[in-house]
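Comments concern the structure below.
What follows draws every value from the coordinates through simple rules; no lab data is involved. This is a predicted model, so every value here is computed, not measured. For neighbour counting, all protein chains shown are included, and Cβ atoms are generated from backbone atoms with ideal geometry for every residue, glycine included.
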Amino acid sequence: MVAKEPTAARDLGSRIRRRGLMLVLSSPSGAGKSTIARNLLESDSSGLELSVSVTTRPRRGSEIEGVHYHFRTMREFERLRDSDALLEWAEVHGNFYATPREPAELALAEGRDMLFDIDWQGAQQLKEKMRADIVSIFILPPSMKELKARLKRRAEDQESVIETRLKNARLEIEHWKEYDFVIVNDDLDRAFAEVRAIVAAERLRRDRRPGLFDFISGLLDEKTE
């Protein structure tokens, strides 16, 4: 049985100032990335915030500005892109999507952690600009047969679309070595627990906790009598 850490010790550790991290999750379609991301955001103890993307796609009736996306015109998007206000961007089905720089940098400076549910291309762009702040995880399916079965169970796509997704999956999987961690999602609960363990460990890294300098200085100056 593992002894529980005293509450006072846990509170002290959480008060040591730290810089937030950028958790990047990527996977081929059907491998479980979006489910794991949703579970992380719904977990009370995760402390993660979803990065809200900028898009030129028209807003749907059920979508809320600033909650689901930051909706911008093409001209506004180009202005953001050309002024280096975006950390990464991509064109998908004729519309543009991007990660705004300012909210991410503010969150990190305040010690808040951001979750990015993006593909390998977006991950590459983020690493070019924010490498020290990124923790990247690639989610793999247990087999291509299982991946195909999961895509079929969705009952959302035609057979031709599923075959295209499988073809694209092989191309995406080739980028697995570009990530810090790789998890095989053969069991969702275990994969989710592994992602949470990675986040917990990364939050304790020395170089993410600038508050340690003041804490240790005070520790060494403390009188014991």
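Within straight-line reach of Lys223, meaning a Cα separation under 18 Å, sit the following aspartates and glutamates at least 8 residues removed in sequence or on another chain: Asp214. How about the range 90-149: which GluC sites (Glu not before Pro) there lie in a loop by DSSP and see at most 16 other Cβ atoms within 10 Å? Qualifying residues, ordered by number: Glu110. Rounded, prolate or oblate: which fits the range 69-157 when a ≥ b ≥ c are the square roots of the eigenvalues of the alpha-carbon gyration tensor, with rounded for a/c under 1.5 and prolate only if a/b beats b/c? The shape class here is oblate. Fully extending the segment from Arg59 to Asp189 would add 43.4 nm, taking 0.36 nm per residue of separation and subtracting the current Cα-Cα distance.
Anisotropy class assigned to the range 14-210 is oblate, per the alpha carbon gyration tensor with a/c at or over the 1.5 cut-off and a/b no larger than b/c. Potential lengthening of the chain between Phe181 and Met144 amounts to 11.3 nm, from the contour at 0.36 nm per residue minus the alpha-carbon distance.
Placing R0 at 25 angstrom, the Cβ-Cβ distance between Glu222 and Arg17 gives a FRET efficiency of 0.85 after rounding to 0.05. Spin-label model, Glu102/Ala132: points 7 Å from Cα along the beta carbon direction are separated by 2.4 nm. Each of Val135, Val161, Val67, Val52 was scored by other Cβ atoms within 10 Å of its Cβ. Arranged with the fewest first, they read Val67, Val161, Val52, Val135.
Scanning the chain for DSSP H helices at least 18 Å long along the axis (C-alpha atoms) with a Kyte-Doolittle mean no lower than 1.6 picks out nothing.
Fewest-first ordering of Lys167, Lys148 by other beta carbons within 10 Å of each residue's beta carbon gives Lys167, Lys148.
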